[in-house]
Structures are given as C-alpha cells and as structure tokens.
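Asker: Encoded as structure tokens, here's the structure I'll be asking about.
Derivation of every value follows stated rules applied to the coordinates shown; laboratory data play no part. Predicted model only: the values in this text are computed from it and were never measured. Quick reminder, even Gly has a Cβ in these numbers, built from the backbone with ideal geometry, and neighbours come from all protein chains shown.
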Amino acid sequence: MRFLRKLFYIALIPFLLSGASLYAADTKTQKVKKIDLNTTDGELIEINVTKKGFIFDKYKGKTVLLDFFGPMCPPCLIEIPHLIKMQEENKDKFQIIGVQVQVQMTNKELNNFKKENKINYPLINLDYAWDIVSFIKANTGWGGQIPYMLLFDKSGDLKQQYIGMTPNKNILKYIK
C-alpha cells in the first residue's frame, strides 16, 4: 500500500507543478479546445476543456469519472463491479465513462465485453480515444498506467486523479 501511495504522489507531482490545469486554448483566438468521444454504441460525448477541467456537454451538473482501463488488466477487472454499483446507485448525479486503452479491439468485441461484464456506463474504444489519451498524457504527466481515473465535479473542475485500484469511498466523497 505504501508503494502505491508513493507511486501516486510521484505521478501527481508533475501535474501539481503544472498548475493543476487541464487548459488548452489557442492563445490567438482564445478558443477553448473541444474533444469529441464516440462510444461503442455510437453516441457522441462532447467535452469542452476549461482552465480547471472538462465540461461534459451530455452530463452537465453531474460528477464525471473518466476511467482509463484495459480488458486484460486484473486490477481493472476487479474494479468494474464496484464501478457498476456506484453508477447504479448514483445515476442521477454521477456518470462514469470508461476508456479502453490496453488493446486493439473492434467496437463489437468491446460491446461483447461490456455485455459479459454487465457494464452500465458508456465505453470508448482505443481507436476513438487518441485525442483524449494524448491530451491527458500531455497535461497530467500520466504515463499510461491502468487503471487510471480522473474525477470531475458537477462544475467540470478536476478534483482528483487516481492511479491503481481506488476504494469507492475515495470517489463517493466527491459525489454530492
């Protein structure tokens, strides 16, 4: 446990030194960056990047958890039932978005994985996640470890990032 805690803080230092900002704008026009995510079910999730985090157009007013995971990652697989339960119990004020970043899969294969595991939140496949993955890596110092989660409050402000398995209570305290 101490090792995971140290690893978390080591990964968090570059993020904090950067001003804890996920801001990306064209300085000449002051346009805020937009990132579009396409789910395996064909839905579009539009994200507006702000100085403090992400505004998810589809989930305004909800706390949003971006979960970067892999279908062959044992800690990720262990967390899935806990995420399903959190999503179900807090669906009016909380939204999980899973981003599969481990292996090349078709949307059909990832949808089969979703069905087999009874996942009740949208999934983004690796082929449709390059923009968000690149942006997160460039702005947080994330090195690609999974599971990795970013938690945004209902205003879209980044509240927490988690590397490795995370107890539900650490996430639930931000859902109000």
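Asker: Report the gain in length on full extension from Lys108 to Ser134: 0.36 nm times residue separation, minus Cα-Cα distance, nm rounded to one decimal.
Answerer: The span from Lys108 to Ser134 would gain 7.0 nm if fully extended.
Asker: Kindly write out, for region 94-103 in residue order, the coupling ³J(HN,Hα) from the Karplus curve 6.51 cos²θ - 1.76 cosθ + 1.60 (θ = phi - 60°), rounded to whole Hz, with x marking Gly and Pro.
Answerer: 9, 9, 9, 10, x, 10, 7, 10, 8, 9
Asker: As a footprinting exposure proxy, order Leu123, Leu44 by other Cβ within 10 Å, with the fewest listed first.
Answerer: Ordered from fewest to most neighbouring Cβ atoms within 10 Å, Leu123, Leu44 come out as Leu44, Leu123.
Asker: Follow-up question, since we're still on this one. Out of the trypsin sites (Lys or Arg not before Pro) in region 115-163, which ones are loop residues according to DSSP with at most 14 other C-beta atoms within 10 Å?
Answerer: The qualifying sites are Lys118.
Asker: Contour minus end-to-end for Asp41 and Glu116, with contour as 0.36 nm per residue of separation and end-to-end as the Cα-Cα distance?
Answerer: That pair, Asp41 and Glu116, stretches by 25.5 nm at full extension.
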